[in-house]
Every structure is written in structure tokens, then in C-alpha cells.
Amino acid sequence: MTTSPAPRPRSRRALLRATLVPAGLAASLVLVPLPAAVAAPSADAAPAGPTEPGPLRIHDIQGTTRISPQTGKTVAGVPGIVTGVRGYGSKGFWIQDPNPDADPATSEGVFVYTGSAAPTVKVGDSVLVSGKVTEYYPNFGGGSQSLTQLSGPAVTVVSSGNPLPAPVVVDTRNIPGTYSPAAGADGTVNGVTLNPEKYALDFYESLEGMLVEVKDVRVVQATDKYNELWVAADKQDQRSKRGGVLYESYAEPNVGRLMVQQQAPVSQQPFPVANVGDELTGTTSGPLDYNQFGGYTLVAGTLGALRDNHLQREVTAPAGERELTVATYNVENLAPGNPDAKFADLAQAVVTNLRSPDVIALEEIQDNNGSKNDGTVDASQTVAKFIAAIKAAGGPAYEWRSIDPENGKDGGEPGGNIRQVFLFNPQRVSFTDIPGGSATSAVDVAGTGAATALTASPGRIDPADEAWVNSRKPLVGQFSFRGKKVFVIANHFNSKGGDQGIDSRFQAPARSSEVQRVKQATVEQAFVAKLLAADKEAKVVSLGDFNDYQFSPALAALTKDGVLRDLVNELPEKEQYSYVYQGNSQVLDHVLVSPEVGYAKYDVVHINSEFAVQASDHDPQVVRIKP
């Protein structure tokens, strides 16, 4: 693991620049739900605007912690220059005081929330604002930080066409290398005095609502369907081989990740369609916001030009005749009602990018009517359509095995009944069918030595154990390749839903979902240990979407006593990722093998996670072994 760089000094005021932001841009594209307590102002009872500046300035309202010292109070005549306007969704505008105080902990900007009324001010207006000071939590239950705002505003435009305050340049020189301060007695950082020269989260909070800019920044998460992307403002964050930033440790979050949106609607100004490794050249500037989908967000009034890095989708190396290839692919809620193009794209990836593996463990195969919640659990139509698409793409005529789950018992999208499925090429490998497997019966180990076998194939590992409540149960199958027995376990551990984000007001953030994954890993480790006790030379491949990192307690539990080894740790460090989330390139999918699988050529095939156009949000993986 890399070590965190020492905190870097910075002077916000010293880095202010004279660059001005064009006026007239409006409307963020990704919006957050508003708390019921924030009521929209009545259209027929608009309060009269203030006529004189009041006693408080924006920095007095923002204060030196995350919570305004004026929360709940009505303030009058707060002066500022309008620096950005959002005309729909969470409607409102940002104002900033052009005359900052000397305290780097106090922000000079604030968001003015106008409720259901579209703001009538323009960028460059000098205004006086009266309103109630509120702290809005975009995702209170999820641990988000708060956004200080003025609500129910009365606004007076004093003048128009004013120059904007100079944006603060956010880059390696001033982003601290340490991510977060320690929490206070309440477990949150809310009341902790901001130290923006030492902690990255404090640095961003001290700029909340202010104009900021980044220059010549690398894209570290591709443009998504909401027209947003992530950039690396700090060039010292650990770079992946293909241009992202690697998430390597709970203790060392990457400090320079920023989400970028734009103020202008795409109908007026197209948002750049970028892949990881592309670059926004020149200046990208706008107010610094906070939202539930990614924390601190630069809502751009000016966007840099997109420089295409021409990122290519990877193709795995060809396998030798004596190599068994086993792959895993999360196909993201695949159902018969999905567009034919999705089936075609997934199939082409199997044939071209994965080179038609001998065995494929699929995750998130939905039942025959997808998310329709009517008790259907059979997925034969879903699988048949996918197999046909693979054959149409030039691949083999795969056969398949799976076990239907109990209705509504395995989590995932309600009604979808997702499950794992084995595809296998019968021209290369055979499946050993052993009756007895069902949604509720537990597979066991029979025999010893060369006679070791499963009691059911396919089977499910201890499905009645509490570890698998509302989660997918591991599917295990017995295969034969060139006369050699291979046991394959297809996994999809429980999701990270409910965990607090790394930018949470709670520090360190709670990972509540981890408890169940550790239990799941413990159950599976015991099964593999039993299999190896019966035959110490057993060849086991356990793979799939484990929804956890290579350094997590769950993977430590799964690999306990050396029953399995996680192949991702054998890749070069810069290639250790299969998924990108909040700008972090990270590992969620794994391939693990038992000790007797000494020869293992492993590859994460990057075809989805780094691209704006995706067939799935996960990258597939493949291993070549010689049983």
C-alpha cells in the first residue's frame, strides 16, 4: 500500500485569481430530494426584499464548523454576488461575498434555496438576501454531511453585471493529504472546528458554496446517465494503469476526487461524454456544492474542453489447449425484457473480450419477467436468450446449470429474483450432474481423496444459515476437464447498501453491511476447508461479485488458514480494480483458488467500469488454470 502524503500547506486567499466566470448559465442536472421541513415559499405571499445590508455576512453564517452558528434563525440583508443559478429540481442560486474575512475556515459562499419558485436573479447580480438559515442533509440516514443554505428568501437585486469573486484554485498544492479529522464526542465531525490546511474534508467544507476551479484535470470516473463525472484534482492520488485512482485502504481515501456537474441544461450545452483517463483541459469552474450521490461537487459554469485519451476495451490473452478458462461476469439485472442491444453487447464481450471461456459464473440473472413481482422464479428464458446471443456473436453453444431461489428471498431488485448461473462449453468441459440440489437444501462433501465429490451438483452452500438472509446463496458445481475434477463456486455476497460514505459526517464511517459479508465468508470458508480436508489436492475456484475489497475483513475471513488465495493480490498494484464508484477504482469482484491450483493466469478485463457506455457496471474477470 502507498502511504498518505504529508499534509500540504495552502493559503486559500493567496490562491485567489482574477479569472471571471461567464454569466447566464443555469440549472444543475443531478438533483437531490429536499427535506419536508424545507417548505417552498408561497407564490402569492412573496416576502419583500431587504433594502439595507444587515449586520451579518456570509462568513458569519457559515462559521468555523460544518453547522452554522445561525441555524434556525432568520437573517436579514445578507449581501453577495450571484455566482451560479439552478433553475429546476433543487432550485436556487449561490451567492458569495467579494470581501472575504481573514479566516480560512469560514466559507464566503452560500446556497439560497428558492423552493418551487425558479430563481429570477442572474449571475453577476449584486443582491441582498433575507431568509432562514437551515442545514440540509441530502441523505441524513446515510450519514451525509449537511449543506448550509438560506431558505424562504426575500431577495433584492442591487445591481447587475458585476464581476465575480475570483475562484479558488483546487489542486495538489492546497489539498491536504489527510482525508478527515477525528470525530467529536457525538461521533460526527459536525462540531469539530475546521482545519482546512490539514484535512481534505475540512478544506472542501471551508469552500462550500464558493467559486472554485480545477485546471487540466484527469477524468477518474466516466460520464454517467445523470450527466456527471469525476476528476482528480490532486495528482498525488494513486493512479491506476489506465488513468483512474485506486482505492487501496480504508485508512487512506483519495483526497482529490471531485464530482463535476454543469449549471447549463444539456439542451443548451451538451455535457462531455468522457471515459476514465480523458482530460478536461483548461479551466473548469463553478460553485462547490454537496450532494447525496457523491459528496463535494463542482457545479460548473465553465467547463474545460474534453481531450480524448482513446481508452480501449481490453481483450484477454488466448488460452492454451490444456488451460481451463473460468470467468465471472455480473451482468447487471439481466432480464428478457432488456433491450436486445444489451444482450448483444454482453454476448460480444463473452466472445471477443473474454474469448469464450470454458466456464462462466454469471451474477444478477433475473427471472423470466424481470422485476415484475408475481412469484415467478424460473429464469430459463433469460438464460436461453443470453446463450442465443452468444451463439449469434460467434461463440459456442453453451449449456447451463443453476438453482432457482425462493421467491423474494435472495435480495436484489424486488421481483427480479437474481441468482448465479453457470454457463459451460460442453465441447471443452463437462458438468457432473448430481441430483438433490434445491433452493433450501445444503450441499455437502462425500468421499475422500480422488473419490471426493459433492452431494449435489449444482448445490447451494448452507442456504438456511442466517448469513444468507435476503442475499444470494453460493452456487457450487462439479466439473470435469480433461479427466480432472474441478469444483467451482459462483458467489454474489450481500451489497454495501446502508454503509456510510467515506465523506460521511460520521468518521470513521460505519460499514454496517460488512457484518453479514464476514458471516457469509466464514460459512463458505468452512465449506471449502471441509472439501480440502476430504481431498487436500482438490482444485477449487471460487469467484464472483463479493461486494468487498481485497483488504476487507470479509476477504480475510474467506482466505483464512490459506484455504483460498485471492488472485487480485497477484496482479500489479495499478491493475487491481474491477469497478469504479465515486471516482475510486476498486475491487468488488474476485477470483480465488485453492492451494493445489498453482498455475493461475488471472486477468481483470476492463471493458465496462471505465467507460461512459457500459453493458454492465462491473468488469468481468477470467482465470486460466491447469487442473
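The values are calculated or read from the model by the stated rules, or taken from the named source; none is laboratory data. Note that the structure is a prediction, hence the values are computed from the model and not measured. Every residue, glycine among them, receives a Cβ derived from its backbone with ideal geometry; neighbour counts consider all protein chains shown. Heavy atoms of the whole protein, side chains included, go into the accessibility calculation; ligands, DNA and RNA do not. Shrake-Rupley method; radii C 1.70, N 1.55, O 1.52, S 1.80 Å.
Table for the structure above
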| item | result |
| --- | --- |
| Among residues of region 508-517, those that are closer than 25 Å to Ser594 by Cα and either surrounded by 16 or more Cβ atoms within 10 Å (Cβ to Cβ) or in contact with a strand residue (DSSP E or B) (Cβ under 6 Å, 6 or more places away or on another chain) (or both), counted | 3 |
| Filter result (surrounded by 21 or more Cβ atoms within 10 Å (Cβ to Cβ), of a type outside the set (Gly, Ala, Ser) and touching a residue at least 60 places away in the same chain (Cβ under 8 Å)) within region 80-89 | Ile81, Thr83, Val85, Arg86 |
| Failed condition for Asp444, given (1) under 21 Å from Glu537 (Cα atoms); (2) in contact with an Asp or Glu (Cβ under 8 Å, 6 or more places away or on another chain) | (2) |
| Failed criterion for Ser116 (all others in (1) within 27 Å of Gly161 (Cβ to Cβ); (2) hydroxyl-bearing (Ser, Thr, Tyr); (3) out of contact with any Asp or Glu (no Cβ under 8 Å at 6 or more places or on another chain) hold) | (1) |
| Positions within region 337-359 being open to solvent by 10 Å² or more (accessible area, probe 1.4 Å) and either within 25 Å of Gly477 (Cα to Cα) or among the acidic types (Asp, Glu) (or both), in sequence order | Asp340, Asp345, Val351, Asn353, Arg355, Ser356 |
| Residues being within 23 Å of Asp358 (Cα to Cα) and touching a Ser or Thr at 6+ places or on another chain (Cβ under 9 Å) - total across region 436-471 | 8 |
| Filter result for the condition that a residue is in a loop (DSSP other than H, G, I, E, B) and touching an Asp or Glu at 6+ places or on another chain (Cβ under 8 Å), over Gly375, Gly416, Gly395 | Gly416 |
| Among the candidates Lys235, Lys215, Lys241, residue that is more than 18 Å from Asn291 (Cβ to Cβ) and either touching a Lys or Arg at 6+ places or on another chain (Cβ under 7 Å) or among the aromatic types (Phe, Trp, Tyr) (or both) | Lys241 |
| Matching residues in region 319-332 - criterion: being within 17 Å of Val383 (Cβ to Cβ) and open to solvent by less than 50 Å² (accessible area, probe 1.4 Å) | Ala327, Thr328, Tyr329, Asn330, Val331 |
| Tally, over region 156-185, of residues that are under 27 Å from Glu52 (Cβ atoms) and open to solvent by 50 Å² or more (accessible area, probe 1.4 Å) | 5 |
| Any pair with Cβ under 6 angstrom, 6 or more apart, that starts in region 392-407 at a residue that is closer than 17 Å to Gln381 by Cβ and ends at one that is open to solvent by 30 Å² or more (accessible area, probe 1.4 Å) and of a type in the set (Gly, Ala, Ser) | Ile403/Gly437; Asn407/Gly375 |
| Candidate set from region 460-507 (those that are of a type in the set (Lys, Arg) and assigned to a loop (DSSP other than H, G, I, E, B)); member that is surrounded by the fewest Cβ atoms within 10 Å (Cβ to Cβ) | Arg482 |
| Tally of residues being open to solvent by less than 10 Å² (accessible area, probe 1.4 Å) and free of Cβ contacts under 8 Å to residues at least 60 places away in the same chain across region 96-115 | 1 |
| Among the residues listed as Gly77, Gly72, Gly92, the single one being under 36 Å from the mean Cα position of the chain (by Cα), on the phi > 0 side of the Ramachandran plot and buried (at least 17 other Cβ atoms within 10 Å of the Cβ) | Gly92 |
| Test: residue in region 22-41 that is under 20 Å from Asp125 (Cβ atoms), at pLDDT 50 or above and not acidic (Asp, Glu) | no |
| Residue match in region 181-196 (condition: under 24 Å from the mean Cα position of the chain (by Cα), among the hydroxyl-bearing types (Ser, Thr, Tyr) and in a loop (DSSP other than H, G, I, E, B)) | no |
| Residue list for region 421-443, filter: open to solvent by 50 Å² or more (accessible area, probe 1.4 Å) and either assigned to a helix (DSSP H, G or I) or in contact (Cβ under 8 Å) with a residue 40 or more places away in the chain (or both) | Arg428, Ser430 |
| Some residue of region 337-356 being out of contact with any Asp or Glu (no Cβ under 8 Å at 6 or more places or on another chain) and assigned to a strand (DSSP E or B) | no |
| Verdict on Val580 being in a strand (DSSP E or B) and modelled with pLDDT of 95 or more | yes |
| Neighbours by Cβ (under 8 Å, 6+ apart or cross-chain): first from region 574-588, of a type in the set (Asp, Glu); second assigned to a loop (DSSP other than H, G, I, E, B) | Glu575/Ser240; Glu575/Lys241 |
| Condition met for Val591 (in contact (Cβ under 8 Å) with a residue 12 or more places away in the chain, closer than 22 Å to Leu311 by Cα and open to solvent by less than 30 Å² (accessible area, probe 1.4 Å)) | no |
| Which listed residue, of Asn584, Asn608, Asn569, is out of contact with any helix residue (DSSP H, G or I) (no Cβ under 7 Å at 6 or more places or on another chain), surrounded by fewer than 22 Cβ atoms within 10 Å (Cβ to Cβ) and among the polar types (S, T, N, Q) | Asn569 |
| Of residues in region 518-558 being touching a strand residue (DSSP E or B) at 6+ places or on another chain (Cβ under 8 Å), over 24 Å from Val580 (Cα atoms) and not in a helix (DSSP H, G or I), the one most open to solvent (accessible area, probe 1.4 Å) | Lys539 |
| Where a residue in region 595-614 is within 30 Å of Tyr226 (Cα to Cα) and its partner, wherever it lies, is in a loop (DSSP other than H, G, I, E, B) and among the hydroxyl-bearing types (Ser, Thr, Tyr), with Cβ under 8 Å and at least six apart | Val604/Tyr577; Val604/Ser578; Val605/Thr316; Asn608/Ser616; Ser609/Tyr577; Ser609/Ser578; Ala612/Thr223 |
